[in-house]
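*Asks:* Handing you a structure now.
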Amino acid sequence: VCVRIDIRDHTVKVYAGAKYDLAPDNSSVISPQLMNMNMTQYGYSVPDPVSGKPVPFTADDLQREGLWKTDLETNTESLLAPFSEFIARSENDREFYGKAIPYLFHSQFNRQNTRILQVFRAQVNNKGRNASLFSLNTNGTQVKQCLGMEKWNQNAPGGSGNHPNWHPDGEHVVMNCVPTWLGYKDMRFCQFKYDGSNFTVLSERHTGSGHPSIDITGRYLLADAYPK
């Protein structure tokens, strides 16, 4: 669960739900179920059980799991968007996701506190990531798949699509993609709107890498670079 520590007087408050990201106005936190996030990528969640392996979701879990939101004022947790809603809105990936076991990964508020960005993953026989990207309003409405599984999982020497991040305008997403459908063969810094429209390659000169972010003016992009 989420814990808030006051570094001045050392008071501690424990909340009802977990935290992956904190709302810009400090009113709430959002998070997937962190107990088994390591199913799709090690090192991003709580420690694994004594067995050394995270516990996978069961079919029954899918009826009561998804993205959770905790109101920090009332200290109440609620299911903001269930797995069923993401699957229903997954367009061309609905058939595949309907037969797989889904997991959520990166969750992020935009700075305007109007929308959430959500990485969706799914496994068959406890293998793979099969990622795609969704956006939704902070009240859980208007769930929209903005980058489908096929476009996300195109591969290049630097890997497949990764590290989506909100543009400062709160309307667009910036991430590394391999836009083969536009004729590219390498990773590029890309941008598109929260509903998936207006897909753009931001740089013809630089190879996409790391964790891209854009400054508030929209002029500069900053990212770390992987040696590979």
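The values are calculated or read from the model by the stated rules, or taken from the named source; none is laboratory data. All values reported here derive from a predicted model rather than from experimental measurement. Note that each Cβ is placed from the backbone with ideal geometry, even for glycine, and that neighbours are counted across all protein chains shown. The protein model used for the area step is the full one, side chains on, heavy atoms only, and it has no ligands, DNA or RNA in it. Shrake-Rupley method; radii C 1.70, N 1.55, O 1.52, S 1.80 Å.
*Asks:* Hey, does segment 21-37 have a residue that's in a loop (DSSP other than H, G, I, E, B), open to solvent by less than 10 Å² (accessible area, probe 1.4 Å) and hydrophobic (A, V, I, L, M, F, W, C)?
*Replies:* Within segment 21-37 (the criterion being in a loop (DSSP other than H, G, I, E, B), open to solvent by less than 10 Å² (accessible area, probe 1.4 Å) and hydrophobic (A, V, I, L, M, F, W, C)), the answer is yes, since at least one residue qualifies.
*Asks:* A further question follows. Just checking, how many residues over segment 130-153 are open to solvent by less than 30 Å² (accessible area, probe 1.4 Å), polar (S, T, N, Q) and at positive phi?
*Replies:* Of the residues in segment 130-153, 0 are open to solvent by less than 30 Å² (accessible area, probe 1.4 Å), polar (S, T, N, Q) and at positive phi.
*Asks:* In addition: Could you please find all residues in segment 88-103 being within 15 Å of G148 (Cα to Cα) and within 15 Å of the chain's Cα centre (by Cα)?
*Replies:* If the condition is that a residue be within 15 Å of G148 (Cα to Cα) and within 15 Å of the chain's Cα centre (by Cα), then S90, P102 are the ones that fit.
*Asks:* A follow-up question, please. Given (1) assigned to a loop (DSSP other than H, G, I, E, B); (2) closer than 17 Å to S107 by Cα; (3) open to solvent by 90 Å² or more (accessible area, probe 1.4 Å), identify the lone condition not met by K53.
*Replies:* Every condition holds for K53 apart from (2).
*Asks:* I need a count of the residues in segment 82-100 that are over 10 Å from F120 (Cβ atoms) and open to solvent by less than 90 Å² (accessible area, probe 1.4 Å).
*Replies:* Selection size over segment 82-100: 7.
*Asks:* Could you please find all residues in segment 154-174 being of a type in the set (G, A, S) and either within 18 Å of the chain's Cα centre (by Cα) or open to solvent by 60 Å² or more (accessible area, probe 1.4 Å) (or both)?
*Replies:* Correct list: G159, S160, G161, G170.
*Asks:* Give me the residue from segment 60-102 that is of a type outside the set (K, R) and part of a loop (DSSP other than H, G, I, E, B) and, out of that set, nearest to M35 (Cα to Cα).
*Replies:* Per the stated criteria, the residue is E65.
*Asks:* I'd like to verify a number: residues in segment 209-224 that are in contact (Cβ under 8 Å) with a residue 24 or more places away in the chain, part of a loop (DSSP other than H, G, I, E, B) and either more than 17 Å from the chain's Cα centre (by Cα) or over 19 Å from F192 (Cβ atoms) (or both), how many?
*Replies:* Qualifying residue count, segment 209-224: 5.
*Asks:* Filter segment 175-223 down to the residues that are among the acidic types (D, E) and farther than 17 Å from L147 by Cα, then identify the one that is most open to solvent (accessible area, probe 1.4 Å).
*Replies:* Result: E204.
*Asks:* Then there's this: Is there a residue being at pLDDT 95 or above and touching a Leu at 6+ places or on another chain (Cβ under 6 Å) anywhere in segment 43-58?
*Replies:* Among the residues of segment 43-58, not one is at pLDDT 95 or above and touching a Leu at 6+ places or on another chain (Cβ under 6 Å), which makes the answer no.
*Asks:* Residues N26, N36: which one is polar (S, T, N, Q) and over 18 Å from L79 (Cβ atoms)?
*Replies:* Result of the check over N26, N36: N26.
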